[in-house]
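> Sharing a structure with you now.
FYI, it's all coordinate maths here, none of it is from the lab. Note that the structure is predicted; figures quoted are calculated from it, not measured. Every residue, glycine as well, gets a Cβ built from its backbone with ideal geometry; the counts of neighbours run over all protein chains shown.
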Amino acid sequence: MARTYQQSGGTRCPPTPHQEWSTLKPCIPKGYNKVAAEIVNPRSDSKPDQDGGAEPLDSFDPVFALHRGGKMAVQATVPVRDKDDLSLAYTPGVARVCTAIAEQPELVNDYTWKSSVVAVVTDGTAVLGLGDIGPEASLPVMEGKAILFKQFGGVDAVPIALDCTDVDDIVETVVRLAPSFGGVNLEDISAPRCFEIERRLQERLDIPVFHDDQHGTAVVTLAALRNAARLSGREIGQLRAVISGAGAAGVAIAKMLVEAGIGDVAVADRKGVVSADREDLTPVKRELAGFTNKAGISGSLEDALAGADVFIGVSGGTVPEEAVASMAEGAFVFAMANPNPEVHPEVAHKYAAVVATGRSDFPNQINNVLAFPGIFAGALQVRATRITEGMKIAAAEALAAVVGDDLAADYVIPSPFDERVAPAVTAAVAAAARAEGVARR
């Protein structure tokens with residue numbers, strides 16, 4: 001049976017190339033001044049067959065020009081210049097290394113790439129704001145994730161798009177692939193399946209398994225919140241937060257804020273505040289209700305926001321201006337939906353002391369790239385068996401500390417291009433892994 005794909009706005013089958021691109025507008029960032037001809041991809045010599053003489057997309061769109069041929073490739077770390085090199089890199093010399101690893105399996109970390117490479121695994125069911133677009137269409141995102149691992153954390157990563165959505169199938173497939181990797185980054189897998197997939201893989205594997213849509217977002221959010229609290233002279237334990245969205249990111253943020261000592265946090269889904277008295281809760285939301293909402297708030301998101309200190313949006317949709325106005329004086333608004341924040345920054349600034357979004361064209365961007373490269377670099381550095389809550393909190397604290405004395409309302413979180421970020425997060429995560437007893441070196 002052909003797979004059906006879910007996009008924002010309804011169910012559809014994959015369109016033909018003509019249908020897809022006839023309505024596509026070039027996605028060019030504001031201020032982007034490169035033309036397609038300036039972008040050189042080493043594999044861009046291969047041109048697709050053009051029916052009817054149509055001009056290729058990358059002749060006018062720099063985004064497509066950059067993606068021509070893919071964004072990454074495998075590169076050898078040793079030369080193979082002659083037969084002597086060949087005999088060392090491959091047969092017969094390689095047999096000695098294989099034999100040594102067979103006798104001492106832990107040597108695989110020293111004599112292969114295993115300890116320094118991460119699998120970026122998706123099933124293509126929750127890709128950015130596009131929804132369920134399938135494995136092939138998700139590959140550009142997974143390639144992008146892989147090059148961010150390398151660019152910002154020095155970690156090699158391999159994109160793997162699975163053509164299956166069954167939880168058992170995904171778990172079994174990743175378990176069978178795991179011997180080749182030092183860690184697994186789960187990406188763009190829809191909730192609630194993502195929770196079970198991560199939990200089962202963590203139980204079965206002795207390498208870090210990390211769903212970035214959950215934990216990367218949570219780490220950066222906590223870092224920004226710590227600095228916002230510091231700017232206002234408050235402790236995080238004095239704050240009451242409201243999260244809009246009980247999916248992957250919302251649940252993970254709630255857990256991390258509770259772990260970090262937040263005063264109280266309530267989470268709202270489409271039906272209102274997730275509370276123990278609701279009878280329509282899924283198992284994940286039932287668990288969520290058990291450790292959040294100590295104040296026993298019920299009703300709508302707007303009801304919960306009255307008097308709240310923090311709003312964290314990870315669900316999209318629009319929050320009425322009146323609800324933002326009802327928050328406590330000096331509130332923090334983190335409206336992180338892309339491309340349209342739940343509260344536009346111009347509106348939020350009328351009432352909030354600190355405003356953050358998920359967009360790069362506004363200050364205080366909550367961007368996962370601030371977290372996942374350093375988190376995995378630190379975990380791999382010490383060959384951690386898993387990534388603990390303590391390691392994630394250490395990452396958030398290190399990230400917050402990078403801001404230092406430059407702290408300001410429009411600077412509570414550093415830029416991804418700040419070269420201090422990844423080393424700080426890496427060191428903090430490695431130290432936390434050792435302290436918590438999950439490091440193997």
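> State the answer as a single residue: which of S232, A353, G296 lies farthest towards the positive end of the charge dipole of the chain, with beta carbon charges of +1 for Lys and Arg and -1 for Asp and Glu, about the Cα centre.
S232
> Taking N as the number of residues in the range 213-441, what is its Cα Rg relative to 2.2 N^0.38 Å?
Working: Rg = 16.9 Å, N = 229, 2.2 N^0.38 = 17.3 Å.
Cα-based Rg divided by the globular estimate yields 0.98.
> What's the angle, to the nearest 10 degrees (0 to 90), between helix 372-381's Cα axis and the longest principal axis of the chain?
60
> Let me have the 222 nm mean residue ellipticity of the chain computed from DSSP H runs of 4+ only, each contributing -39500 (n - 2.57), with the sum over all residues rounded to the nearest 500. Write down the numbers at each step before the final one.
Numbers: 17 runs with 171 residues, N = 441.
Value at 222 nm, helices only, nearest 500: -11500 deg cm²/dmol.
> Next up: Can you give me the angle between helix 421-435 and the longest principal axis of the chain, using Cα atoms only, in degrees from 0 to 90, rounded to the nearest 10?
The angle comes out near 90 degrees.
> As a quick test, which of the pairs K150/K271; K71/K350; K83/K114; K71/K392 have an alpha carbon distance above 31 angstrom in this structure?
Cα-Cα > 31 Å for K150/K271; K71/K350; rest within.
> For the range 213-441, give the magnitude of the charge dipole about the Cα centre (Cβ charges: +1 Lys/Arg, -1 Asp/Glu; no others), in debye to the nearest 20.
Its charge dipole is roughly 980 debye.
> Just to be sure I understand the model, the point goes 7 Å from the Cα along the line to the Cβ. What's the resulting D303 to H349 distance in nm?
3.4
> Moving on to the next point. Calculate the FRET efficiency for E389 and R230 from the Cβ-Cβ distance with a Förster distance of 25 Å, rounded to the nearest 0.05.
For E389 and R230, the calculated efficiency is 0.70.
> Share of antiparallel DSSP beta bridges in the chain, in percent to the nearest 5?
Here the share of antiparallel DSSP bridges comes out near 20 percent.
> Would you list the P(r) distribution for the range 116-207, with all Cα-Cα distances sorted into 10 Å bins from 0 and each bin expressed as a whole %?
18, 51, 30, 1
> Applying a 10 Å radius around every beta-carbon, put 282-294, 91-103 in order of their mean neighbour count, most first.
Working: 282-294: 16.6, 91-103: 11.5.
Highest-to-lowest ranking by the protection proxy: 282-294, 91-103.
> Hey, what do the phi angles of the range 176-189 turn into as Karplus ³J(HN,Hα) couplings, whole Hz, using 6.51/-1.76/1.60 and θ = phi - 60°, x for Gly and Pro?
My calculation for the range 176-189 gives 6, 7, 4, x, 8, 10, x, x, 10, 9, 7, 9, 6, 10 Hz in order.
> While we're looking at this one, here's another question. Given 0.36 nm per residue, what is the gain on full extension from D206 to Q75 after removing their alpha carbon distance, in nm?
Length gained between D206 and Q75: 44.4 nm.
> A further question follows. Grab the eigenvalues of the alpha-carbon gyration tensor for the range 219-353, scale each by 5, take roots, and send me the semi-axes largest first in whole angstrom.
On the way: eigenvalues 88, 57, 37 Å².
Over the Cα atoms of the range 219-353, the ellipsoid semi-axes are 21, 17, 14 Å.
> If the label point is 7 Å along Cα→Cβ of T282, which residues in the range 189-206 have backbone nitrogen under 20 Å from it?
189-203
> Compare the peptides 65-75, 227-237, 206-216 by average per-residue count of other Cβ atoms within 10 angstrom and give them in order, highest first.
Per-residue Cβ counts within 10 Å, averaged per peptide and sorted highest first, yield 206-216, 227-237, 65-75.
> If the cut-off is a Cα-Cα distance under 14 Å, which aspartates and glutamates reach K285, setting aside same-chain residues fewer than 8 apart in sequence?
Correct list for K285: E196, D269, D277.
> Placing unit charges on C-beta atoms (Lys and Arg positive, Asp and Glu negative, everything else neutral), compute the dipole magnitude of the range 116-207 about its Cα centre in debye, rounded to 20.
Charge dipole of the range 116-207: 340 debye, to the nearest 20.
> With +1 on each Lys and Arg Cβ and -1 on each Asp and Glu Cβ, how big is the dipole of the chain about its Cα centre, in debye rounded to the nearest 20?
Working: 40 positive and 57 negative charges, 145 e Å.
Dipole magnitude for the chain comes out near 700 debye.
> Which is farthest toward the positive dipole end of the chain among A73, P105, F417, measuring Cα position about the Cα centre, with Cβ charges +1 (Lys, Arg) and -1 (Asp, Glu)?
So the residue furthest toward the plus end is P105.
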